[in-house]
Amino acid sequence: MTDRDPRTRRETNRRTPTEPAPPTESHRGAFGDYGGETGAFIERTFRERIVLVGVTLAGQHEEQTDADLDELELLVDTAGADVVARIHQRRTGPDPATFIGKGKVAELKETAEAFDCDTVVFDHDLSPAQQRNLQELLGRTAIDRTAVILDIFAQNASSQEGKAQVELAQYRYLLPRLRGRGGTLSQQAGGMSAGGARVGTRGPGETQLETDRRRIVRRVHKLEADLRDVARHRDVQRKQRGRSRAQGVAIVGYTNAGKSTLLNRLTESGVLVEDRLFATLDATTRRLQLPGGEAVLLTDTVGFIRKLPHQLVEAFRSTLDVAAEADLLVHVVDGAAADPEAQMAAVHAVLGEIGAGQVPQLVAFNKVDASDEVKRLVDRHMGSVGISALTGEGIDDLLLAIGDRLRALTTVTEMLVPWDRGDVLAEVHREGEVLSEAAEDAGMRIRARLDDAATAKLAAWQVG
Ligand SMILES: Nc1nc2c(ncn2[C@@H]2O[C@H](COP(=O)(O)OP(=O)(O)OP(=O)(O)O)[C@@H](O)[C@H]2O)c(=O)[nH]1
Ligand SMILES: [Mg+2]
């Protein structure tokens, strides 16, 4: 960036999150490709200067706020901006108008001016009204952690489906923040609270606004319909393939834990690995042969984070279904992270939200090569394993553990299938893992490992 004159830079930053960017701008990235016009919340034509705002609410600790701000700083950096200062406040509860108190807003303004910052980012979610008020008082863009995460997802989306999901999440975030009266359309579009928000000091006229709003609502409906089609198509494909014999294993975990590295290590699949948050947005599934001979379908999934925006959880639901429908989750935890157990708790919260809270979990503490903490964590968590997806350490144990856990989910059943029932024999082979077969006069005596559904279906042939 050659032009560092603050006035000129302010000019480029004039566009607030409420004003869809002109379609000609190039930093639109993923959105433009899909046809959407959602602007990025943080400029990408230059590195914005950012002030972070953290609030410690009643019952919380300041160290937690610090850790949250460290993570937010990483998020901001990933989104392509620089943190120049932090502001902290302790409060019993948020101020309904400005989240932080009046005096603190004044201090924030001073700091923002002193550091010539472009945008302030709150770690907590701001209501549309709080956002509007803060922007008026501060004279600069005010956004929250959710907006930053949405930006990163927007930059990283690559598949058609991923782009559509991110665009949908962005519009759902944006709609209640559109300047203007009445929130009926935004309610219709996202089920979010009524808008009525007026952000920034400039904006399109009321008529233009209503046109924009209608266009966005139409776009939201189109995206929802497209995504439903994709989900339906996937469903049909799954049914056509028939109930595959292979059990499903989904790799889940906090962002940057090493999930993709693990999938690559296990299946040599060349999935993108980056020291970057939310590098993976699409689910990649590969076949994996376990040491016991059984094959499983292993899927790498999008990473989770504390306060994962609910707009994203909603929009990514069909992608996240992979986890909810899996037979087993391999929960990869970054053992070298500052607070691995806090990350585990965040992952559990999101798993609950997407209906995967009950799926059996095998915890794998990763990065044993980089941190001594991994061994202590493994000791503390029964049934967990310590691995390095990078060096391969502990991977054999992980594979054995996956096999064990999957076998524990099934029961061994002995059946006698008459010779004229080739269809039943075929079904046993399709549904389960055949352990032994012996030809007898009455038919084939067959021992197989079956899950509960198959056991019930084949109960008529069971013996012993
Ligand atoms: N030292 C060490 N680094 C690792 C290990 N596994 C992964 N990493 C590094 O951690 C970073 C993140 O790895 P990814 O595999 O992309 O993580 P992910 O969980 O897929 O991340 P997202 O897709 O962004 O959620 C990369 O820089 C990896 O090289 C490990 O066992 N040891
Ligand atoms: Mg990944």
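The values are calculated or read from the model by the stated rules, or taken from the named source; none is laboratory data. Bear in mind that the values here come from a model prediction, so they are computed numbers and not experimental data. As a convention, Cβ positions derive from the backbone with ideal geometry for all residues, glycine included, and neighbour counts pool all protein chains shown.
Within segment 266-279, count every residue that is closer than 17 Å to Ile402 by Cα and either within 6 Å of ligand 1 (Cβ to nearest atom) or surrounded by fewer than 19 Cβ atoms within 10 Å (Cβ to Cβ) (or both).
Matching residues across segment 266-279 total 1.
Only one of Gly253, Gly190 is at pLDDT 90 or above and under 28 Å from Ala349 (Cβ atoms); which?
One residue alone meets the criteria, Gly253.
Residue-by-condition table, conditions (1) at pLDDT below 80; (2) surrounded by 13 or more Cβ atoms within 10 Å (Cβ to Cβ); (3) outside any strand (DSSP E or B):
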{"residue": "Pro23", "(1), (2), (3)": "yes, no, yes"}
{"residue": "Val55", "(1), (2), (3)": "no, yes, no"}
{"residue": "Gln64", "(1), (2), (3)": "no, yes, yes"}
{"residue": "Leu69", "(1), (2), (3)": "no, yes, yes"}
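Restricting to helices (runs of 4 or more DSSP H) lying wholly in segment 72-160: which have 2 or more residues that are among the aliphatic types (A, V, I, L, M) and surrounded by fewer than 23 Cβ atoms within 10 Å (Cβ to Cβ)?
Qualifying helices (runs of 4 or more DSSP H): 102-114, 128-138.
Looking at segment 347-400, which of the residues that are buried (at least 17 other Cβ atoms within 10 Å of the Cβ) and of a type in the set (Gly, Ala, Ser) is nearest to the chain's Cα centre (by Cα)?
My answer is Ala356.
Between Asp339, Asp327, which is more than 16 Å from the chain's Cα centre (by Cα), away from ligand 1 (no atom under 16 Å from the Cβ) and either free of Cβ contacts under 8 Å to residues at least 24 places away in the same chain or surrounded by 18 or more Cβ atoms within 10 Å (Cβ to Cβ) (or both)?
Asp327
Report whether or not Thr92 is of a type in the set (Ser, Thr, Tyr), closer than 22 Å to Ser127 by Cβ and touching a residue at least 24 places away in the same chain (Cβ under 8 Å).
On the way: of a type in the set (Ser, Thr, Tyr): yes; closer than 22 Å to Ser127 by Cβ: yes; touching a residue at least 24 places away in the same chain (Cβ under 8 Å): yes.
Yes: the conditions hold for Thr92.
If I go through segment 406-464 residue by residue, how many of them are in a helix (DSSP H, G or I) and touching a strand residue (DSSP E or B) at 6+ places or on another chain (Cβ under 7 Å)?
8
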